[in-house]
Amino acid sequence: MKWSFVIQQKIKAALLLTGIMALVTLNTVISRSNVRGIDKSFSSIYQDRLLPAVDLVYLSENLYNKRLLMEAYLVSGSRTTPAEARGQLTTYNHRIDSLIRKVEETYLVQKESESLRAFKQNIYSYAAQEQTILNLSETDQKEAGSRLFNTDSAVTFRGAIRHLNELTNIQSEVGRQLMKESHSGSALVDLIFTLQIALAIIIGALILGLIHSSKIIKQNPRSFPLN
């Protein structure tokens, strides 16, 4: 009976150790998955949100610079020739195209893609209107060019800025969602490690109890009569 009891205790201890090893392995896998998710979220915040936000600022700057250039050419009596204005506009357009390509290379949610597509339509229409204004100016129709600048061109410009602001707001909202996901993942990892430590302590105490019980059995053998 004594050896049967000791063997049972050892089997229980072995099962408990196997259980804790399985739990540790499972928790490690889950934790690793969550850590990877956190790393992915932070990488996305930097690559797909922070860097494009800077590019959006430069897009806005180049658009306003184009607007100011045309305003100076039409209203302020600038000595800039149509050819010089075209050259400067071409430089700004190249910068804008390059910035748009950089934004398009990042991960975009559906709303961002739609807003960016609408923005591109606006800026291409605006660039075409700029060329029309310069053509009118070259044919001594500068007043007609000024009217176009202050009416249709102004509406198109405001539309481009509106879509650019929408894109900025969407990026900010997606960034906040990624931060929430990162915090949730971090909290889950902390919870898993806390549970793992608690289980290790409980199972360790149970194993010590089993070992202590087996020692008591060994130290108190039954006495049998010799006669």
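All of the numbers you see were taken from the coordinates with simple rules; none came from a lab. No experiment lies behind these values; they were computed from the predicted model shown. Cβ: placed from backbone, ideal geometry, glycine included. Neighbour counts: every protein chain shown.
Positive contributions from Lys and Arg (+1) and negative ones from Asp and Glu (-1), summed over other residues with Cβ under 14 Å from the Cβ of T91, come out at -1. Taking square-rooted eigenvalues a ≥ b ≥ c of the alpha carbon gyration tensor, is segment 92-134 rounded, prolate or oblate, where a/c under 1.5 means rounded and, failing that, a/b exceeding b/c means prolate? Here segment 92-134 falls in the oblate category. Report the paramagnetic label zone for Y124: residues of segment 82-106 whose backbone N is under 17 Å from a point 7 Å from Cα along the Cα-to-Cβ axis. Hits in segment 82-106 for Y124 at 17 Å: 93-105. For E130, what is the net charge nearby, where nearby means another residue's Cβ is under 10 Å from its Cβ and Lys, Arg count +1, Asp, Glu -1? Summing Lys and Arg as +1 and Asp and Glu as -1 gives +3.
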